[in-house]
1. Find the residue count for the stretch 124-162, including only residues that are farther than 15 Å from residue 172 by Cα and not in a loop (DSSP other than H, G, I, E, B).
2. Could you look through the stretch 150-162, keep only residues that are without any contact (Cβ under 8 Å) to a residue 60 or more places away in the chain and touching a helix residue (DSSP H, G or I) at 6+ places or on another chain (Cβ under 7 Å), and pick out the one that is nearest to residue 112 (Cα to Cα)?
3. Run residue 80 past the list (1) loosely packed, with under 15 Cβ neighbours inside 10 Å; (2) in a loop (DSSP other than H, G, I, E, B); (3) touching a helix residue (DSSP H, G or I) at 6+ places or on another chain (Cβ under 9 Å) and report the number of the one that doesn't hold.
4. Answer yes or no: is there a residue in the stretch 21-32 that is in a strand (DSSP E or B), in contact with a helix residue (DSSP H, G or I) (Cβ under 9 Å, 6 or more places away or on another chain) and closer than 16 Å to residue 86 by Cβ.
5. Please work out if residue 226 is on the phi > 0 side of the Ramachandran plot and either surrounded by fewer than 18 Cβ atoms within 10 Å (Cβ to Cβ) or at pLDDT below 95 (or both).
6. Identify all residues within the stretch 170-183 that are loosely packed, with under 13 Cβ neighbours inside 10 Å and touching a helix residue (DSSP H, G or I) at 6+ places or on another chain (Cβ under 7 Å); write none if there are none.
7. Within the bounds of the stretch 47-59, is there any residue that is assigned to a loop (DSSP other than H, G, I, E, B), surrounded by fewer than 21 Cβ atoms within 10 Å (Cβ to Cβ) and within 14 Å of the chain's Cα centre (by Cα)?
8. Looking for whichever is over 22 Å from residue 36 (Cα atoms), free of Cβ contacts under 8 Å to residues at least 40 places away in the same chain and buried (at least 20 other Cβ atoms within 10 Å of the Cβ) here; the options are 216, 167, 198, 186. Which one fits?
């Protein structure tokens, strides 16, 4: 659809691009404006393999291990995003020049539900970009593994009980990947309503709980899923 940001990563200064698309068929999220944060100078698979994806994912544990082999993604990658699907196709479209720079971010997000970071961490992009994109939106979902730059917008992504409790003490809401439903912290976490384990009762677009502290709700947990789940469990 359009380029909403192109410039240095806020995580390490390397070149990245953020692209908003409107043609997702993601059954879990439902109809949302998707945003893809990728390296602008190399494809997502190469970035994963070499560790250059730190520019868009920071120190996220689900990135896996970089290596020096000539092909493939990082080893033991546990991220649920399948790089050869949407991220690679969006990058190829960017390299072909099919996306134009955004003129009015508010207009793009107006009356929409925005998914911040369909791939990539929203903290890699200047926060004023999300301010503008979400200014007139009907809602958003957002997650970050970095020091939370905007707790009212982002869920703090965590993997352990200790990490979760530390975030709660700071007034942040968390999104935690767990091995099984029994790992949820009773009274503090609920299972993602759009997950398979919860019976896919709704979609992210309908639920809208993953919007940081702007929503007065319990913290969200989800069982490891996607193609990388075997590397997490």
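1. Counting residues in the stretch 124-162 that are farther than 15 Å from residue 172 by Cα and not in a loop (DSSP other than H, G, I, E, B) gives 11.
2. If we take residues in the stretch 150-162 being without any contact (Cβ under 8 Å) to a residue 60 or more places away in the chain and touching a helix residue (DSSP H, G or I) at 6+ places or on another chain (Cβ under 7 Å), then 154 is nearest to residue 112 (Cα to Cα).
3. It fails just one condition, (1).
4. Of all residues in the stretch 21-32, those in a strand (DSSP E or B) come to 21.
Still in the list and also in contact with a helix residue (DSSP H, G or I) (Cβ under 9 Å, 6 or more places away or on another chain): 21.
This time we only want the ones that are closer than 16 Å to residue 86 by Cβ, so: 21.
Yes - at least one qualifying residue is present in the stretch 21-32.
5. On the way: on the phi > 0 side of the Ramachandran plot: yes; either surrounded by fewer than 18 Cβ atoms within 10 Å (Cβ to Cβ) or at pLDDT below 95 (or both): yes.
So residue 226 passes the test.
6. Result: 171, single match.
7. Scanning the stretch 47-59 turns up at least one residue that is assigned to a loop (DSSP other than H, G, I, E, B), surrounded by fewer than 21 Cβ atoms within 10 Å (Cβ to Cβ) and within 14 Å of the chain's Cα centre (by Cα).
8. Residue meeting the stated conditions: 167.
The values are calculated or read from the model by the stated rules, or taken from the named source; none is laboratory data. It should be emphasised that the depicted structure is a prediction, and the values quoted were computed from it without experimental measurement. Neighbour counts are summed over all protein chains in view; Cβ atoms, including those assigned to glycine, are modelled from backbone coordinates with ideal geometry.
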